[in-house]
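Q: Sharing a structure below in structure tokens format, with a few things to ask.
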Amino acid sequence: MKSRLTTLCYIERDGQYLMLHRISKKNDVNKDKWIGVGGHFEEGESPEDCLLREVKEETGLTLTAYRFRGIITFSYEDYPTEYMCLYTGDGFEGNLRECEEGKLEWVDKDRIRDLNLWDGDLLFLELLRQEVPFFSLKLCYLRDGRWCRGVLNGQELELFDICGQDGMPTGHVKERSMVHQDGDLHRTVHIWVVRKRADGGLDVLLQKRSKDKDAYPGCYDVSSAGHVQAGDDFGSSAIRELREELGITAREQDFRFIGFHEGYVENTFWGRPFRDWEVSAVYLYEKPVEKERLTLQESEVEDVLYMEYEEALEGIRKGAFSNCIYPKEFQMIRDAMEPGFNGEGVWVKEIIDSGRRPESLS
């Protein structure tokens with residue numbers, strides 16, 4: 001299939017963007033979506049030629065001031081690749097007219113996210129809002145319209161499934177930093193490495209987070225933890241995180257599921273707000289682990305140590321050492337050691353360091 005060249009422009013005035021609701025054309029890949037205005041190159045046109053012509057044809061307006069902001073590469077299953085030149089325009093002349101492609105409407109920028117957008121569009125609209133210099137963004141979509149991959153200026157992005165109050169994916173996907181900026185519910189896995197002591201007690205392996213982490217740098221944390229990437233499941237994510245962070249090769253049957261933990265926390269790191277609302281599948285890993293033989297992922301983990309469970313619990317409750325561990329989740333470990341325990345149906349909810357109370361945690 002032959003690749004396509006297009007332009008897209010977000011015309012702005014008084015804190016609004018001119019948005020086009022694509023409701024008129026049949027067999028439109030953008031059917032029912034809200035986008036900017038633009039279209040395909042004609043033979044011999046430069047990006048600016050295409051931009052000015054398409055804006056005039058679709059809106060009746062003549063652009064007098066505009067900026068070239070980035071290149072967006074769209075990859076869809078069963079559709080040719082599209083290379084889109086992204087513009088914003090803040091100067092124009094003329095009168096707005098009806099558009100054959102759909103309905104034009106001026107929309108407040110802070111309401112844009114309420115519209116039916118492509119999930120990836122939220123990211124480049126955020127890049128525009130932040131006045132990020134000229135950028136190259138690749139967005140890949142599956143046949144059913146789900147966003148499955150993003151690459152910004154050659155760097156792979158982390159994408160998470162956004163969940164509803166039941167903890168199940170809604171079908172929408174967002175980039176990691178935006179999830180933590182907005183406080184969206186998403187999925188993670190927490191694996192606690194534990195070992196029984198000769199005196200009947202229990203040791204728990206704690207990892208010390210790298211000092212360069214985007215959140216809670218240098219704090220003690222779950223033995224191994226990580227996000228469930230968009231399209232993945234809890235079990236495969238637990239296997240991946242344990243291998244990447246600690247160098248432990250495991251199978252799903254090596255984990256003991258002890259329940260779900262839903263937590264919310266707010267903080268600020270590196271001058272940016274951090275809102276973390278996650279539902280975590282919590283597992284125990286009870287096979288022998290010698291910390292001296294672990295292979296630590298330097299970018300994620302600075303060190304590990306075993307700590308006696310009751311000592312760690314007391315330290316977590318009293319803030320005796322720097323940590324980012326949810327107290328109620330840590331208590332789940334002790335509950336799981338009781339005879340006859342079954343993690344099915346366990347759902348622990350917890351809020352710390354926050355004035356916000358998400359609905360499902362009320």
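The values are calculated or read from the model by the stated rules, or taken from the named source; none is laboratory data. Since the structure is predicted, the reported quantities are computational estimates derived from the model, not experimental observations. All Cβ positions, glycine included, derive from the backbone under ideal geometry; neighbour counts span all protein chains shown. The accessibility values were calculated without ligands, DNA or RNA, using every heavy atom of the protein model including side chains. Shrake-Rupley method; radii C 1.70, N 1.55, O 1.52, S 1.80 Å.
Q: Consider only pairs whose beta carbons are under 7 Å apart and that are at least six residues apart or on different chains; among these, list those whose first residue lies in region 71-99 and is under 17 Å from GLU12 (Cβ atoms) and among the aromatic types (Phe, Trp, Tyr) and whose second residue is modelled with pLDDT of 95 or more and not in a strand (DSSP E or B).
A: TYR87/LEU51; PHE92/LEU61
Yes or no, residue by residue, for (1) closer than 27 Å to TYR141 by Cβ; (2) among the charged types (D, E, K, R); (3) under 33 Å from the mean Cα position of the chain (by Cα):
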{"residue": "ILE11", "(1), (2), (3)": "yes, no, yes"}
{"residue": "LYS25", "(1), (2), (3)": "yes, yes, yes"}
{"residue": "ASP32", "(1), (2), (3)": "yes, yes, yes"}
{"residue": "CYS50", "(1), (2), (3)": "yes, no, no"}
{"residue": "ARG67", "(1), (2), (3)": "yes, yes, yes"}
{"residue": "ILE72", "(1), (2), (3)": "yes, no, yes"}
{"residue": "MET84", "(1), (2), (3)": "yes, no, yes"}
{"residue": "ASN95", "(1), (2), (3)": "no, no, no"}
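Q: Let me ask you something else. Select from region 30-63 the residues that are of a type outside the set (D, E, K, R) and exposed (fewer than 15 other Cβ atoms within 10 Å of the Cβ) and write down the one among them that is farthest from VAL107 (Cα to Cα). Step through it out loud before you land on a result.
A: Pass one, region 30-63, residues of a type outside the set (D, E, K, R): 30, 34-41, 44, 46-47, 50-52, 55, 59-63.
Imposing the further condition that a residue be exposed (fewer than 15 other Cβ atoms within 10 Å of the Cβ) reduces the set to 40, 44, 46, 62.
Numbers: HIS40: 24, GLY44: 33, SER46: 29, THR62: 20 Å.
Looking at residues that are of a type outside the set (D, E, K, R) and exposed (fewer than 15 other Cβ atoms within 10 Å of the Cβ), I get GLY44.
For every residue, the table says whether it meets (1) in contact (Cβ under 8 Å) with a residue 24 or more places away in the chain; (2) surrounded by 16 or more Cβ atoms within 10 Å (Cβ to Cβ); (3) not in a helix (DSSP H, G or I).
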position: SER237; (1), (2), (3): yes, yes, no
position: LEU242; (1), (2), (3): yes, yes, no
position: GLU245; (1), (2), (3): yes, yes, no
position: THR249; (1), (2), (3): no, no, yes
position: VAL265; (1), (2), (3): yes, yes, yes
position: PHE274; (1), (2), (3): yes, yes, yes
position: TRP277; (1), (2), (3): yes, yes, yes
position: SER299; (1), (2), (3): yes, no, yes
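Q: Which residue pairs have Cβ atoms under 6 Å apart, sit 6 or more places apart or on different chains, and have a first residue in region 332-358 that is closer than 16 Å to GLY167 by Cα and a second that is hydroxyl-bearing (Ser, Thr, Tyr) and part of a loop (DSSP other than H, G, I, E, B)?
A: GLU350/TYR326
Q: Additional query: If you take the residues of region 279-288 that are closer than 14 Å to VAL222 by Cβ and out of contact with any His (no Cβ under 6 Å at 6 or more places or on another chain), which of them is most open to solvent (accessible area, probe 1.4 Å)?
A: Per the stated criteria, the residue is TYR283.
Q: Go through region 214-234 and count every residue that is surrounded by fewer than 17 Cβ atoms within 10 Å (Cβ to Cβ) and either outside any loop (DSSP other than H, G, I, E, B) or without any contact (Cβ under 8 Å) to a residue 24 or more places away in the chain (or both).
A: 2
Listed here are the residues, each with its yes/no results for (1) in contact with a helix residue (DSSP H, G or I) (Cβ under 8 Å, 6 or more places away or on another chain); (2) part of a strand (DSSP E or B); (3) free of Cβ contacts under 8 Å to residues at least 40 places away in the same chain.
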position: GLY171; (1), (2), (3): no, yes, yes
position: ARG187; (1), (2), (3): yes, yes, no
position: VAL193; (1), (2), (3): yes, yes, no
position: ASP199; (1), (2), (3): no, no, yes
position: LEU206; (1), (2), (3): yes, yes, no
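Q: Please find, within region 97-135, the residue that is farthest from the chain's Cα centre (by Cα) out of those that are in a strand (DSSP E or B) and charged (D, E, K, R). Outline the logic, then answer.
A: Quick first cut of region 97-135, residues in a strand (DSSP E or B) only: 99, 102-108, 135.
Going one step further and asking which of them are charged (D, E, K, R), we end up with 103, 105, 108.
Values: LYS103: 31, GLU105: 29, ASP108: 24 Å.
So the residue we want is LYS103.
Q: Same structure again: LYS211: part of a loop (DSSP other than H, G, I, E, B) and more than 26 Å from GLU338 (Cβ to Cβ), yes or no?
A: The answer is yes for LYS211.
Q: When you scan region 323-362, how many residues do you find that are of a type in the set (D, E, K, R), in a loop (DSSP other than H, G, I, E, B) and within 21 Å of the chain's Cα centre (by Cα)?
A: So in region 323-362, the residues of a type in the set (D, E, K, R) come out as 328-329, 334-335, 338, 344, 349-350, 353, 356-357, 359.
Narrowing further to those that are in a loop (DSSP other than H, G, I, E, B): 338, 344, 353, 356-357.
Checking which are within 21 Å of the chain's Cα centre (by Cα) leaves us with 356-357.
Counting residues in region 323-362 that are of a type in the set (D, E, K, R), in a loop (DSSP other than H, G, I, E, B) and within 21 Å of the chain's Cα centre (by Cα) gives 2.
Q: Let me ask you something else. Give the residue that is least open to solvent (accessible area, probe 1.4 Å), with candidates limited to residues of region 151-169 that are over 18 Å from ASP232 (Cβ atoms) and not in a strand (DSSP E or B).
A: If we take residues in region 151-169 being over 18 Å from ASP232 (Cβ atoms) and not in a strand (DSSP E or B), then GLY154 is least open to solvent (accessible area, probe 1.4 Å).
Q: Can you pull out the residues in region 174-201 that are of a type in the set (A, V, I, L, M) and open to solvent by less than 20 Å² (accessible area, probe 1.4 Å)?
A: Residues satisfying the conditions are MET178, VAL179, LEU185, VAL189, ILE191, VAL193, VAL194.
Q: Continuing with the same structure: Failed condition for TYR306, given (1) under 29 Å from ARG356 (Cβ atoms); (2) in contact with a Leu (Cβ under 6 Å, 6 or more places away or on another chain); (3) among the hydroxyl-bearing types (Ser, Thr, Tyr), with all others met?
A: All conditions are met except number (1).
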